[in-house]
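Report on one structure; see the data block that follows.
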Amino acid sequence: MKFVSTRGGEKVTGARAIVQGLSANGGLFVPEKFPKITAAELEDMTELGYPARAAKILSKFFDDYDAKELAAACEEAYAKFEGNDPAPLVRLDDGVYILELFHGPTCAFKDMALTLLPYLLRKGCDLCGIKEEVLVLVATSGDTGKAALEGFKDADGVKIAVFYPNDGVSKMQKLQMCTQDGKNVDVAAVKGNFDDCQTAVKEIFASAECVAALKEKNIVLSSANSINFGRLAPQIAYYFSAYADLVSANQIKNGDEIDFTVPTGNFGNILAAYYAKRMGLPIRRLHCASNKNNILTDFLQTGVYDIRREFYKTTSPSMDILVSSNLERLLFEISGRDAKLTAKRMNELKTNKFYSVTEEELAKLNETFDGGFATDEEGVEAMYDVFVDTGYCMDTHTGCAMKVAVDWFEKNKKDETNMVIVSTASPYKFPQDVLYAMTGNDVKDSFKGIKRLHAATAMAVPKCLKELRDKPVRFNKTVDRKKLFEEILEFVK
Ligand SMILES: *Cc1c(COP(=O)(O)O)cnc(C)c1O
């Protein structure tokens, strides 16, 4: 399987796509065509555990990697999760399920891919004959940073530098990153919001000067952001896994279509669902859930993607995003894989701050996608209703998805299609806001929040968050976004 750029030009192997992260012309790598999973293969999947299901999907894309080794890497990665299923499906109600993706080492769904990416990257370097040291650069809205740090800490031949917006991550997320151990890691806050931070990091990748300066030090750059196809591929697997679980629990027959509602920021998670559909997974609709930063809701309604708007800080910070990078991959598909047009739109976004798709493209989008959003208050309402009705407690990001799913149920009362709501973080990762939603109780301290949330819900507290309290802070720098590269040079010195 080869990979092409959404902006044309390049065609590379899977290993090269992962190592490079971004195409030389700024485009994102996408598979040349979608590999197919047949109904029989899907049936077989019901018999497999999660790591084997993931390996099956990954080997369809990465046929340049050894399949046995890939399977072993999946076993190793998902052994780092708490409990015996890395992606359990929880039944909320008739036909309504929650897919819990937060049982990994950092309690957010990013672990589903970032526990595996170090293997994909290291092996990718071998396959490409790269002898240099790899520097992984990450811009994070909170959860990617920590998950990448955990994944890459103390890995041979790799260094990792993580940048987060100084106003824009939760206290818990910040503490998770700033207490990171490992000898090859660096963490710094960047002045501004996530888009500023992501733009600054992207500029380094795009700067021939920066790349050359690092090359001189025998270092090549790579990315662990969700624009890297190595992040996307492992995420496709859990959509197949959820489906296989529904089949084996006799909730659906193999072939029945189901819906997913996905809390969305950078459009990586929901794009993986779309890829699963293109590979043959019987998905009917994808409901894209946003918070008050509802640019995607508007886009899916009007076909205009317009970032000339206010940016809000919400209680679902990992979705506080205006420029959803992975949307470029979807644009590429709905334009009929028109690389020129995709490049033109991305340029328009940069210069005019907006672009629009055609009526036909919008109609094509709406065949699969619809969008909705939740304000903080609406999220709280949805979370609390579920807690009262079922005793299930969810985090604030999942709360946004819940609200969007409930809106869909209200509007489509006769719809019998099974709905899976994707849950992206442990409630304990945002303990104060979740405690407030469950009890109306406001506490100032995160650890007090954890304690009280435990008292209110009796849910087990994940190990990694329990331990956080006693860890020393190692990183407390804040850098100007114009000075990012200086910070990097200092780190790799
Ligand atoms: C990253 C993240 C999201 C958004 O996922 P995308 O792939 O960026 O759309 C949602 N919820 C949580 C908890 C996250 O960490």
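Bear in mind that the values in this text are calculations on the coordinates, not laboratory data. Since the structure is predicted, the reported quantities are computational estimates derived from the model, not experimental observations. Cβ: placed from backbone, ideal geometry, glycine included. Neighbour counts: every protein chain shown.
Peptides 225-231, 209-215, ordered by how many other C-beta atoms sit within 10 Å of their residues on average, highest first, read 225-231, 209-215.
Summing charges over all other residues whose Cβ lies under 10 Å from the Cβ of T417, with Lys and Arg as +1 and Asp and Glu as -1, gives -3. All other residues whose Cβ lies under 9 angstrom from that of Y428 are scored, Lys and Arg at +1 and Asp and Glu at -1, for a net of +1. Once you have a ≥ b ≥ c as the square roots of the Cα gyration tensor eigenvalues for the chain, tell me rounded if a/c is under 1.5, and otherwise prolate or oblate according to whether a/b is larger than b/c. Rounded. When D64, D154 are arranged by Cβ crowding within 10 Å, least crowded first, meaning fewest neighbours, the order is D154, D64.
Derived scalar couplings between HN and Hα for region 102-116 equal 10, 9, x, x, 10, 6, 9, 5, 4, 4, 4, 9, 7, 6, 9 Hz in order, rounded to whole Hz, by the Karplus curve 6.51 cos²θ - 1.76 cosθ + 1.60 (θ = phi - 60°), x for Gly and Pro. For the chain, the antiparallel share of DSSP beta bridges with both residues in that region comes to about 25%. In the chain, helices alone account for a calculated mean residue ellipticity at 222 nm of -14000 deg cm²/dmol, with every DSSP H run of four or more residues adding -39,500 (n - 2.57).
Work out the FRET efficiency for F354 and E216 from their Cβ-Cβ distance, taking R0 = 30 Å, and round it to the nearest 0.05.
Numbers: r = 39 Å, r/R0 = 1.31.
Using R0 = 30 Å, I get an efficiency of 0.15.
Hey, how many Å between the Cα centroid of region 463-486 and the Cα centroid of region 136-190? First find each Cα centre; the distance between them is then 7 Å. Annotation: lysines with alpha-carbon distance below 23 angstrom to K340 (same-chain offsets under eight excluded): K2, K11, K33, K202, K350, K353, K364.
Would you work out if region 368-493 is rounded, prolate or oblate? Take a ≥ b ≥ c from the square roots of the eigenvalues of the alpha-carbon gyration tensor; rounded if a/c is under 1.5, else prolate when a/b is larger than b/c, oblate otherwise. Mind showing how you got there, number by number?
Values: a/c = 2.71, a/b = 1.52, b/c = 1.78.
The shape class here is oblate.
Distance from the Cα centre of region 374-401 to that of region 311-350, in angstrom? Region 374-401 and region 311-350 have Cα centres separated by 27 Å. Given 5 Å bins starting at zero, what is the percent of C-alpha pairs of region 1-100 in each, up to the one with the largest pair distance? Reading upward from the zero bin: 2, 12, 15, 17, 17, 15, 12, 7, 3, 0.
With contacts taken as Cα pairs under 8 Å and at least 6 residues apart, region 141-243 reaches a relative contact order of 23 percent. Counted by neighbouring Cβ atoms within 10 Å, the residues T358, T264, T351 run from fewest to most as T351, T358, T264.
Rounded if a/c is under 1.5, else prolate if a/b is larger than b/c, else oblate: which is region 66-210, with a ≥ b ≥ c the root eigenvalues of its Cα gyration tensor? Please list the in-between numbers first.
On the way: a/c = 2.00, a/b = 1.18, b/c = 1.69.
Here region 66-210 falls in the oblate category.
Summing Lys and Arg as +1 and Asp and Glu as -1 over all other residues whose Cβ lies under 12 Å from the Cβ of A147 gives a net charge of +3. From the alpha carbon centroid of region 233-282 to that of region 102-119 is 18 Å. Would you work out which of Y65, L121, C107 lies farthest towards the positive end of the dipole of region 58-166, given +1 charges on the beta-carbon of Lys and Arg and -1 on that of Asp and Glu, about the Cα centre? The residue sitting farthest along the positive end of the dipole is L121.
Of the residues H103, H454, the one with the fewest other Cβ atoms within 10 Å heads the list, and the complete ranking is H454, H103.
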